[in-house]
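Bear in mind these aren't lab numbers, they're just calculated from the coordinates by the rules spelled out. Model, not experiment: these values are computed from the prediction. In this analysis, Cβ positions are derived from the backbone assuming ideal geometry, glycine residues included, and neighbour counts consider all displayed protein chains.
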Amino acid sequence: MSTLTLLASGEDKFTPPGLELFDSPPIIPGVVWFTKPVLLALLSTLIVVAFCWSAFAKPKLVPRGAQNIGEMGYMFVRDQVARPFLGKDADRWMGPLLSIFLLVWVWNLMGVLPLLQFPVASHIAFPIVLALGVYFLKLYLGIKHQGLIGYFKNMMFPPGLPKPIYLLLAPIELLSTMIIAPFTHAVRLFANMFAGHLILAFFSLVGFWFLFEKLTPLGAPIGVIGVVMTIAMTGFEMFIQFLQAFLFAMLAAMYIGNSLHPSH
Amino acid sequence: MSVLAEVTGSIGSIGYGIATLGPGIGVGLIFGQGVQAIARQPEAYGLIRQNMLLGFVLTEALALIGLVAPFMFGK
Amino acid sequence: MPAMSEKKIRPEDDARDFAGAAWSIPSYLLSGMALYGGAGWLLSKWTGVIVFTPIGLILGVALAVYLVYRKHGR
């Protein structure tokens, strides 16, 4: 939609989409904060809640329909995300982990659904909120299970290293776990969705420009290439969306697991 | 001597783009051959894992230095 | 503290250790570079000698590589 408004300015040269692709006007005039990403985020929450409700509210012994798919998703998260890092605590943490995984995946899928076409995670606020939530949970659990001093001692001074290098290496460990981990947790999701959205917008603009806006005999093959690349990159992008959702949930499970049982 | 061709704009990002070639191939080789080695001799998993991680960290170091270099050397 | 039965390492523990190591490596590298590169940058701003910044960066990288070697490579 916004691509068409870009071209309506009547330009002569092909200009690739830039950062204005991510600006959204408010939907209800006057309510400044209610923009399209906010609407899509609310819609994603509704979708996840509705799906989980219809799958797990009245479970039958032999699953059919939504419960079947819901159980496949649950087993996937439990076996690939929760159990490797949480061990026997996995079942207790399935609620947050399943919610995080499904929410991030639906957020990302908004980027390829027709007419919606905006990956919610490409506004950095959304991944930051989730990553901060996991970060504070990690801190709280680590301090609760290992004590305030013990938590930092286990993190910065893992046993088995010769004494002198502790001085040099403890700050690296502290910085890595306290600052870099939540930062990369959020930015990994944001950067992948941001770049994917830009790629899709670029190739579809190439196809649209050279096939519809300025149709010339020389430009038409470029337009066809643009359309083919859009289709290919959409498929690739859907795989990346699933992978990034899985990775986000997996890292959340890893951080929680490291707080519960310190790695030794 | 007149300028025939020129590359303008963000040369730092071009530099980083070229800098990802080497580590990309390197990391692919490390893990690809690591997986092959595990497939051939699963008992040696611990040994292979240690060496894979060592090789990975050295290669990744180059990639990250390439990321920082445009900021260090300006433009 | 779980039992120290180091003889048999279960596959899921192996996978978890490997994933933990693999994801911590870029963060160790980044934090080493940030810490010692930042220190080198501050030092070079204070003294005026520009070369401290790259020295700090390379030192951070070397220390991070050494940390990974001691933690995961033995």
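What to note about this one:
- As a proxy for reagent exposure, ranking A:E237, B:E6 by other Cβ atoms within 10 Å from fewest up yields B:E6, A:E237.
- Averaging over all projection directions, the Cα-based convex hull of chain B occupies 6.9 nm² in the image plane.
- ³J(HN,Hα) computed for each position of segment C:20-32 - Karplus, 6.51 cos²θ - 1.76 cosθ + 1.60, integer Hz, glycine/proline x: x, 5, 4, 7, 7, 5, x, 6, 4, 4, 5, 6, x
- Residue-averaged beta-carbon neighbours from other chains (10 angstrom radius) around C:13-19: 5
- Vicinal HN-Hα couplings computed from phi for segment C:37-42 (Karplus, 6.51 cos²θ - 1.76 cosθ + 1.60; Hz; Gly/Pro x): x, x, 4, x, 5, 4
- For peptides A:161-168, A:252-259, sequence by mean Cβ density within 10 Å, most packed first: A:252-259, A:161-168
- Fewest-first sequence of B:T59, C:T53 by Cβ atoms within 10 Å of each Cβ: B:T59, C:T53
- By the Cα gyration tensor, segment A:222-264 has an equivalent ellipsoid whose semi-axes, rounded to whole angstrom, run 40, 7, 5 from largest to smallest.
- Max mean-square fluctuation residue, GNM over chain A, Cα-Cα springs under 10 Å, options A:V120, A:V224, A:V38: A:V224
- Using a Gaussian network model of chain A in which every pair of alpha carbons under 10 angstrom is joined by a spring, one finds that among A:D89, A:D12, A:D23 the greatest mean-square fluctuation is at A:D12.
- Note on chain A: lysine pairs with Cα distance below 24 Å, sequence gap of 8 or more or different chains, count 6.
- Chain A: angle of helix A:94-109 to the longest principal axis, Cα-based, in degrees nearest 10: 20 degrees
- 12 Å Cα-Cα reach of C:K71 towards aspartates and glutamates, excluding residues that sit fewer than 8 places from it in its own chain: A:E173, C:D17
- For chain A, the gyration tensor built on C-alpha atoms gives a prolate shape. Its axis ratio a/c (a ≥ b ≥ c) is at least 1.5, and a/b is the larger of a/b and b/c.
- Table column - 3J(HN,Hα) (Hz), segment A:121-133, Karplus curve with 6.51, -1.76, 1.60, x for Gly and Pro: 6, 7, 9, 5, 4, 5, x, 4, 5, 5, 5, 5, x
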